[in-house]
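Some notes on the structure that comes next.
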Amino acid sequence: MEYLYFPGCTLKDKYALKMEKTTLQAAEYLGINLREIKEWQCCGAVYPLAQDEYVTLISPARTLFNAKETPVVSLCSACHHVLKRTSERMEADKEARDKISQYLEESYPGKNRVLHFLEVLRDDLGWEELKRKIENPLSGRRMAAYYGCMLLRPASEMNFDHPERPRIMEDLLQTLGAEVITYPFRNKCCGAYLSLTEKEVMTNTSQNVIKMALKAGAEELVTACPLCHYNLSQTSEVQEGKIKIAYFSEPLAEALNLAAQEVVQ
């Protein structure tokens, strides 16, 4: 299985580097070839809401144009959100497609598969195949998923999982042998984009997520979003050690008995 890998800016930063390293390590072990896109650039981080906004679509569109027929895989929720919605826009909006093709001086190559690595595990590798590779089951670990908002919505464009009853991360944790905890707010926004302008609102929103997970009995919370990871990690409950926050790739690497290797430290 071969894919083009779009890392995005955050995963090259120290804070989220562990998600990239554990994913690449696990992918290699599982026979999933993630080939990093050459000379990639920032996706733009936020998908433009204005229908007549084309400039900010150029960067993610360039990634898709360069990929051509090879599937593009991302890890960061925000990057995946922007790339997936840009792909849908290029396919459905002829005016946007023509304008961006003219700017890039390249013909639109056609719709490409834009995947999150979780989708690769679920749809291309399969949970049963992953289960056969597990060497260190996470037995007795009470783990819960936190999706946030960007992986799931808008559902008609993202087509990732059910926006109100997602299962993909729970299925991953169950495959890894953990005791899966479900709780309210696992698909609610953490307040990420208010962290600079209204920090108190963001703190309260993130704390509500953590409180709900703790109330349900979770001891560990996994996410795919670096910004969600950061915001949740700032809550008092996490700071006091009442619950741990991890990227989904960390328990994956651990269950594959890879997490002790120096590369993920």
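Against the definition (of a type outside the set (Ser, Thr, Tyr), in a loop (DSSP other than H, G, I, E, B) and touching a helix residue (DSSP H, G or I) at 6+ places or on another chain (Cβ under 9 Å)), how does Cys189 come out, yes or no?
In short, yes.
Can you name every residue in region 12-23 that is surrounded by fewer than 22 Cβ atoms within 10 Å (Cβ to Cβ) and in a helix (DSSP H, G or I)?
Passing the criteria: Lys12, Leu17, Lys18, Lys21.
Considering region 203-250 alone, what residues qualify as being in contact (Cβ under 8 Å) with a residue 40 or more places away in the chain, closer than 19 Å to Pro166 by Cα and either part of a helix (DSSP H, G or I) or aromatic (Phe, Trp, Tyr) (or both)?
Val209, Ala213, Ala216, Cys228, His229, Tyr247, Phe248, Ser249
Test Ala67 against the criterion of being small (Gly, Ala, Ser), in contact with a Leu (Cβ under 9 Å, 6 or more places away or on another chain) and closer than 17 Å to Ala224 by Cα, and give yes or no.
No: the conditions fail for Ala67.
Would you confirm whether any residue within region 159-178 is in contact with a Cys (Cβ under 9 Å, 6 or more places away or on another chain) and of a type in the set (Lys, Arg)?
no
Tell me whether region 139-155 contains one or more residues that are at pLDDT 95 or above, in the same structural domain as Ala246 (by TED's automatic domain parsing), polar (S, T, N, Q) and surrounded by 13 or more Cβ atoms within 10 Å (Cβ to Cβ).
So far as region 139-155 goes, no, none of its residues is at pLDDT 95 or above, in the same structural domain as Ala246 (by TED's automatic domain parsing), polar (S, T, N, Q) and surrounded by 13 or more Cβ atoms within 10 Å (Cβ to Cβ).
Specify the residue that is surrounded by the fewest Cβ atoms within 10 Å (Cβ to Cβ); the eligible residues are those in region 47-77 that are within 17 Å of the chain's Cα centre (by Cα) and modelled with pLDDT of 95 or more.
Residue satisfying both the conditions and the ranking: Pro71.
I'd like to check something: does region 88-98 contain any residue that is in contact with a Leu (Cβ under 6 Å, 6 or more places away or on another chain), surrounded by fewer than 24 Cβ atoms within 10 Å (Cβ to Cβ) and in contact (Cβ under 8 Å) with a residue 40 or more places away in the chain?
No, there is no match, as no residue in region 88-98 is in contact with a Leu (Cβ under 6 Å, 6 or more places away or on another chain), surrounded by fewer than 24 Cβ atoms within 10 Å (Cβ to Cβ) and in contact (Cβ under 8 Å) with a residue 40 or more places away in the chain.
The values are calculated or read from the model by the stated rules, or taken from the named source; none is laboratory data. Since we're looking at a predicted model, the values are computed, not measured. Glycine gets a Cβ as well: all are built from the backbone with ideal geometry, and neighbour counts include every protein chain shown.
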